[in-house]
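Enquirer: Right, I'll just put the structure down here and ask away after.
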Amino acid sequence: MLVIEDLHCSYGTAPIIRGLHLEVGEGEVVSVLGRNGMGKTTMVRAIAGMRPPEVRGGAIRFYENDLVTLESYEVARLGVGLVPQGRHVFGSLTVIENLEVIARAPRHDADSWTLERVFEFFPRLEERCESFASNLSGGEQQMLAIGRALMTNPRLLLMDEPSEGLAPIVIGTIKETMRSLKGPGLSILLVEQNLGLALSLADRIVIMGPHGVIVWSGLPEALENDDEVKRSYLGV
């Protein structure tokens, strides 16, 4: 589904990613781990067509489409949904307006994401449907950010640090929701610092080192049992 080959990205003259290689398969959940500053968010922004960063070389292919030359709205139209780090919901809009303003027609090969279906996943959002997004709690805003991305009816969901700043009980709710999303028709690229969350959701895990170099890749069970890798690359 997604193939990244020899990707190079920079912010101005400062190179951040040098030669990243990564793949996500159909219906697969891939978790990307790594310390801060390794280029994980830069990778997500590059896939989504957001500027900065500037892509200086390499390829990002989504099915038959080359994403490097596309604008962010064109990437979204191809079926790439984004849950950005820090949530970035539209604070001056209500919950319903946040969901409706970005909604896209469903794909023919998948169940449609509608307001009703999002509210089934997040009943709390239905309770707060007329509230302005700026008045929601952090956990509610994260639910809204996920629901908003699903309303684009994506084939690939990019999730950048969805557990950041959330209480453990809220992380549990997010984890169960994400587990329910796993399956045919939706692939997920999950960037996450919470090792437990990543291990519980991923089909495959990659660890990113300096400048976007993949220093480890394997199954969650293998990482869970490898204390040396966790200590060397994740500091746990």
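The values are calculated or read from the model by the stated rules, or taken from the named source; none is laboratory data. Note that the coordinates shown come from a computational prediction; the quantities given were computed from them, not determined experimentally. Cβ coordinates were reconstructed from backbone atoms using ideal geometry, including for glycine residues, and neighbour counts include every protein chain displayed.
Enquirer: Which residue out of Glu176, Glu192 is among the acidic types (Asp, Glu) and touching a residue at least 40 places away in the same chain (Cβ under 8 Å)?
Expert: It is Glu192.
Enquirer: Between a first residue in segment 26-48 that is closer than 19 Å to Val75 by Cα and a second residue that is assigned to a helix (DSSP H, G or I), which pairs have beta carbons less than 6 Å apart while being 6 or more apart in sequence or on different chains?
Expert: Pairs found: Ala48/Ser72; Ala48/Val75.
Enquirer: Hey, another quick one. Which of the residues belonging to segment 107-134 are of a type in the set (S, T, N, Q) and either modelled with pLDDT under 95 or in contact with a Lys or Arg (Cβ under 8 Å, 6 or more places away or on another chain) (or both)?
Expert: Ser112, Thr114
Enquirer: In addition: Can you pull out the residues in segment 129-177 that are among the β-branched types (Val, Ile, Thr) and within 20 Å of the chain's Cα centre (by Cα)?
Expert: Ile146, Thr152, Val170, Ile171, Thr173, Ile174, Thr177
Enquirer: Right, something else. For the subset of segment 30-54 comprising residues that are out of contact with any Leu (no Cβ under 7 Å at 6 or more places or on another chain) and over 22 Å from Val215 (Cβ atoms), which member is surrounded by the fewest Cβ atoms within 10 Å (Cβ to Cβ)?
Expert: Arg51
Enquirer: Pairs please, first residue from segment 126-138 and surrounded by 15 or more Cβ atoms within 10 Å (Cβ to Cβ), second anywhere and of a type in the set (Ser, Thr, Tyr), Cβ atoms under 6 Å, 6+ apart in sequence or on different chains.
Expert: If the second residue must be of a type in the set (Ser, Thr, Tyr), the pairs left are Phe132/Thr94.
Enquirer: Any chance you could count how many residues in segment 8-29 are within 19 Å of Leu195 (Cα to Cα) and crowded, with 22+ Cβ neighbours inside 10 Å?
Expert: The total comes to 1.
Enquirer: Those residues that are in a strand (DSSP E or B) and at positive phi, I need them from segment 1-12; list them, please.
Expert: Asp6
Enquirer: Whether any residue in segment 154-171 is among the hydroxyl-bearing types (Ser, Thr, Tyr), more than 19 Å from Ala105 (Cα to Cα) and either in a helix (DSSP H, G or I) or in contact with a strand residue (DSSP E or B) (Cβ under 8 Å, 6 or more places away or on another chain) (or both) is what I want to check.
Expert: No.
Enquirer: If you don't mind, there's one more thing I want to ask. Can you name the residue in segment 200-219 that is within 24 Å of Gly172 (Cβ to Cβ) and free of Cβ contacts under 8 Å to residues at least 60 places away in the same chain and is also surrounded by the most Cβ atoms within 10 Å (Cβ to Cβ) among such residues?
Expert: If we take residues in segment 200-219 being within 24 Å of Gly172 (Cβ to Cβ) and free of Cβ contacts under 8 Å to residues at least 60 places away in the same chain, then Ser200 is surrounded by the most Cβ atoms within 10 Å (Cβ to Cβ).
Enquirer: Please pick out the residue among Ile171, Ile146 that is under 15 Å from Leu115 (Cβ atoms) and β-branched (Val, Ile, Thr).
Expert: One residue alone meets the criteria, Ile146.
Enquirer: Working carefully through the options Ile188, Ile174, find the one that is modelled with pLDDT under 90, on the phi < 0 side of the Ramachandran plot and buried (at least 19 other Cβ atoms within 10 Å of the Cβ).
Expert: From the options Ile188, Ile174, the qualifying one is Ile174.
Enquirer: Also, quick follow-up: What pairs can you find where one residue is in segment 50-64 and over 16 Å from Lys40 (Cα atoms), the other is among the acidic types (Asp, Glu), and their Cβ atoms are less than 8 Å apart, with a gap of 6+ or different chains?
Expert: Final answer for the pair search is Gly57/Asp6; Gly58/Glu5; Gly58/Asp6; Ala59/Glu5; Ala59/Asp6; Ala59/Asp66; Arg61/Glu5.
Enquirer: Just give me the residues in segment 133-153 being more than 17 Å from Gln85 (Cβ to Cβ) and in contact with a strand residue (DSSP E or B) (Cβ under 6 Å, 6 or more places away or on another chain), in sequence order.
Expert: Once the filter is applied, which keeps residues that are more than 17 Å from Gln85 (Cβ to Cβ) and in contact with a strand residue (DSSP E or B) (Cβ under 6 Å, 6 or more places away or on another chain), segment 133-153 yields only Thr152.
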